[in-house]
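A.B. asks: Sharing a structure with you now.
No lab work stands behind these numbers, since they all come straight from the coordinates. The shown structure was predicted, so the numbers you read here are calculated from the model rather than taken from an experiment. Here the Cβ is made from the backbone with ideal geometry for all residues, glycine too, and neighbour counts use every protein chain on show.
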Amino acid sequence: MNVGSTWEFDLRTRTWVISNTATSGLRSGWVARPDLLVYDEASERVLAFGSGTVAAYDATAGEWQVVESDGDVDGHWAAKAYDPLNGRVVAFLPGKMIPTEDPRAFRWPCCSDHVVAFDLRTSTWIDLFDPSP
């Protein structure tokens, strides 16, 4: 596997191929899991969510673009789904990891219920439900 590479699935041959896409604008290896990716149907781009960074991949142009890099929303840990009615990605934020007595273990806070949406057209996060007072 080539870390830092972009792979595309060719529907005709049903094989994965390495794209010639430059990923120099992205931190190498930061998108290593498929749950960090969401297809944005409205823009026809794949969105990749990192810690405070959102990047968009345009397969037609063969390029990544960082579209939001100073955000305070950590989309890396969020459960995400595309909302086709509103043309945005909705994310459920589990809260921050809390260290436990075991330095190798963390636990999630219960019931954070913070729901946000990312709108690629404006490159912004929108609070849909924030349980904090």
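A.B. asks: How far apart, in nm, are two points set 7 Å out from the Cα along the Cα-to-Cβ line at A81 and at T15?
C.D. replies: 3.6 nm
A.B. asks: Another one. Arrange the following residues from fewest to most other Cβ atoms within 10 Å of their Cβ: L85, L120.
C.D. replies: Working: L85 5, L120 18.
Ordered by Cβ neighbours within 10 Å, fewest first: L85, L120.
A.B. asks: Using the Karplus equation 6.51 cos²θ - 1.76 cosθ + 1.60 (θ = phi - 60°), what ³J(HN,Hα) coupling, rounded to whole Hz, does each residue of segment 49-57 give in order, writing x for Gly and Pro?
C.D. replies: Per-residue couplings from phi come out as 10, x, 6, x, 10, 10, 10, 10, 10 Hz.
A.B. asks: For segment 79-88, just list the computed ³J(HN,Hα) in residue order, Karplus coefficients 6.51, -1.76 and 1.60, θ = phi - 60°, integers in Hz, with x standing in for Gly and Pro.
C.D. replies: 7, 10, 8, 7, 9, x, 5, 10, x, 8
A.B. asks: On to the next question. Tell me, R88, R121 in order of fewest to most beta-carbon neighbours within 10 Å? Don't jump to the answer; show the numbers that get you there.
C.D. replies: On the way: R88 22, R121 10.
Listed from fewest to most nearby Cβ atoms, that is R121, R88.
A.B. asks: Given H placed on each backbone N at 1.01 Å, which residues far from R88 in sequence or on other chains put an amide H within less than 5 Å of it?
C.D. replies: Amide H neighbours of R88: D83.
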